[in-house]
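Below you'll find the structure, written out as structure tokens, and then a few comments.
The values are calculated or read from the model by the stated rules, or taken from the named source; none is laboratory data. Just so you know, these numbers come straight off a predicted model, no measurement behind them. Cβ coordinates were reconstructed from backbone atoms using ideal geometry, including for glycine residues, and neighbour counts include every protein chain displayed.
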Amino acid sequence: MLPAMASKPSIAIVGPGRLGTALAMELRRAGYAICEIVSRNNIASKRKAGILARKVRALVSTIDTVRANADVVWFCVPDREIENAAHQLASVIDWKRKIAFHSSGALLSDELNILRRRGATVGSIHPMMTFVACAIPSLEGVPFAMEGDVAATRAARRIVRDLGGEAFTIRSQHKTAYHAWGSFASPLLVATLVTAEQVARAAGLSDREARRKMLPIIRQTLSNYETLGPAGAFSGPIVRGDAEIVRKHLQALKKVPEARNLYLALARAAMRYLPVRNRAKLKNVLEG
């Protein structure tokens, strides 16, 4: 272990966006010193950095004025900007005996190779959580996928433990599939729900009414999924094998083509992965 890691390391956050803000707040709550918030050199980014810095009692800097005296430099910028941000900081900081993380769910720690060559140990550490404006989620119980140098992942594991999360190692060749899995768990789930709103509109409801009226069944479905598993949580005409009702659904959904396509895709997934009755008739309806 690096000597600087004997106690809780100090941390600099590069990028005061949604992820950087949530991590900084939760790290501070867990007893970590956030010594610097590094922003881009524009008014909007510097404003965000200033607000966050006041909350976590950190200094504010930009890429041009960065100090990075921290033990850990944590890149929380969009995936497409990670490598460029690392290149920008590579020559202005002494990277020996430092740890550098990025939090991309899809990209490898190799995005920070230039810092590795400058003496840093590097890793990727991605929380399986959704980060949106106006919401700071708790990281208690959240899984963090880790990949990278041994010293970096060792330090990451300790930080995750202090955050109350669950650290696990993801193999390099599995990282993209891991990230796609996360897409199904949140953003594509939201896409499914907003598609459901369009179907509700075809049934005469407003979007607002649809959201309010869907919430009880959504909550109960997630509760059932958690306690009973997917097979126990699965209900409706497909599990019953009611092919005629499914046919009527598809007929009605011709008014909402995107929803019809999604219905077909999910129904076929249900046929493959979940217990259903009357498979032959259902298959004929779905392929008709």
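Here is a yes/no grid of residues against (1) in contact with a Lys or Arg (Cβ under 7 Å, 6 or more places away or on another chain); (2) under 23 Å from Ala202 (Cβ atoms); (3) assigned by TED's automatic domain parsing to the domain that holds Gly229; (4) free of Cβ contacts under 8 Å to residues at least 60 places away in the same chain:
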site	(1), (2), (3), (4)
Asp242	no, yes, yes, yes
His249	no, yes, yes, yes
Lys255	no, yes, yes, yes
Leu262	no, yes, yes, no
Ala269	no, yes, yes, yes
Leu274	no, no, yes, yes
Arg277	yes, no, yes, yes
Lys281	no, no, yes, yes
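Just give me the residues in the stretch 78-114 being assigned to a loop (DSSP other than H, G, I, E, B), farther than 18 Å from Thr176 by Cα and in contact with a Leu (Cβ under 9 Å, 6 or more places away or on another chain), in sequence order.
Ile93, Trp95, Arg97, Lys98
Out of Ala53, Ala24, I need the residue that is in contact with a Leu (Cβ under 7 Å, 6 or more places away or on another chain), over 18 Å from Leu163 (Cα atoms) and in the same structural domain as Ile93 (by TED's automatic domain parsing). Which one?
Result of the check over Ala53, Ala24: Ala53.
Could you please give the count of residues in the stretch 115-129 that are surrounded by 15 or more Cβ atoms within 10 Å (Cβ to Cβ) and in a loop (DSSP other than H, G, I, E, B)?
Of the residues in that region, 4 qualify.
Quick check: is even one residue across the stretch 235-257 under 27 Å from the mean Cα position of the chain (by Cα), closer than 25 Å to Val194 by Cα and not basic (Lys, Arg)?
Checked the stretch 235-257: no residue is under 27 Å from the mean Cα position of the chain (by Cα), closer than 25 Å to Val194 by Cα and not basic (Lys, Arg).
What are the residues in the stretch 148-169 that are farther than 20 Å from Leu27 by Cβ and either without any contact (Cβ under 8 Å) to a residue 40 or more places away in the chain or surrounded by 20 or more Cβ atoms within 10 Å (Cβ to Cβ) (or both), if any?
Matches in the stretch 148-169: Val150, Thr169.
Among the numbered criteria (1) among the charged types (D, E, K, R); (2) under 30 Å from Leu264 (Cα atoms); (3) touching a Phe, Trp or Tyr at 6+ places or on another chain (Cβ under 9 Å), which single criterion is violated by Asp207?
(3)
Any idea which residue in the stretch 130-147 is surrounded by the most Cβ atoms within 10 Å (Cβ to Cβ), counting only those that are under 16 Å from Val77 (Cα atoms) and under 13 Å from the mean Cα position of the chain (by Cα)?
The qualifying residue surrounded by the most Cβ atoms within 10 Å (Cβ to Cβ) is Phe131.
Tell me, which helices (runs of 4 or more DSSP H) wholly within the stretch 177-288 include 3 or more residues that are under 30 Å from His126 (Cβ atoms)?
Fully inside the stretch 177-288 and qualifying: 187-202, 207-233, 257-273.
Which residues, taken from the stretch 237-275, are surrounded by fewer than 17 Cβ atoms within 10 Å (Cβ to Cβ), among the small types (Gly, Ala, Ser) and in contact with a helix residue (DSSP H, G or I) (Cβ under 9 Å, 6 or more places away or on another chain)?
Across the stretch 237-275, the qualifying residues are Gly241, Ala252.
Filter the stretch 89-129 down to residues that are among the β-branched types (Val, Ile, Thr) and within 25 Å of the chain's Cα centre (by Cα) and give me whichever is farthest from Gly165 (Cα to Cα).
Out of the qualifying residues, it is Thr121.
Condition test on Arg116, is it farther than 21 Å from Asp79 by Cβ and either touching a strand residue (DSSP E or B) at 6+ places or on another chain (Cβ under 7 Å) or modelled with pLDDT of 95 or more (or both)?
No: the conditions fail for Arg116.
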